[in-house]
Amino acid sequence: MGFADRYLHAVNSSDLRDDEHHHATDALCAAALANVAGAGLGALLSRVKYADGTQHRLFESGTANLASLLRIWTERVIQKGRERKWVKEGSAWDAQAAQALYRRVAERSLAYWLDGKCPACSGSGNTLDRRICVPCKGAGRSEVGGAGFERERALDMVSDLEGLLQAHNARAAAMLRSQPDV
Ligand SMILES: [Zn+2]
């Protein structure tokens, strides 16, 4: 089992006693340790992406994990946007417009990263009669939304999310490997 599978098993396991289910506990401990190392966001990304079921539906209805993830992610995007000077925040009006942009980029990038499947073909790239899906041209991916600069920034943030998750999984997997009897 890869780390994502083991972690999923662990968070869905109702019995975390350290005997027959010790593997489940190991995965949770490793995730908790990686969580500390990764300042929390990586573990939360992993939890929401792998353990909370149908992400698209949940993104609309909102769950505790997803709500805190969106809040933390929006703060992170605002920080990145400022560091990378996406917008000049000269006047109060600029600052307000910048906040709105950061929020849209945060929401779109997170929604796309969690479930970026084309809604017309559910990600298969084909129609039911085996023709290429027109909206996504067979790619199976939906559009991140927005246009021009805003769209590019959202796609940058999707890459950042993926990078955070990969780093989290790598750290957690390394911790699992370093334990005896695993
Ligand atoms: Zn499609």
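Based on the Cβ-Cβ distance of residue 159 and residue 75, what FRET efficiency does E = 1/(1 + (r/R0)^6) give at R0 = 25 Å, to the nearest 0.05?
Taking R0 as 25 Å, the efficiency between residue 159 and residue 75 is 0.85.
In the structure shown, do any of 49/85; 49/88; 88/137; 49/137 have a Cα-Cα gap over 31 Å, and if so which?
49/88; 88/137, as the Cα separations exceed 31 Å there.
Since every read-out is calculated from the coordinates, none of them should be taken as a lab result. The shown structure was predicted, so the numbers you read here are calculated from the model rather than taken from an experiment. Note: ideal-geometry Cβ built from the backbone for every residue, glycine included; neighbour counts use all protein chains shown.
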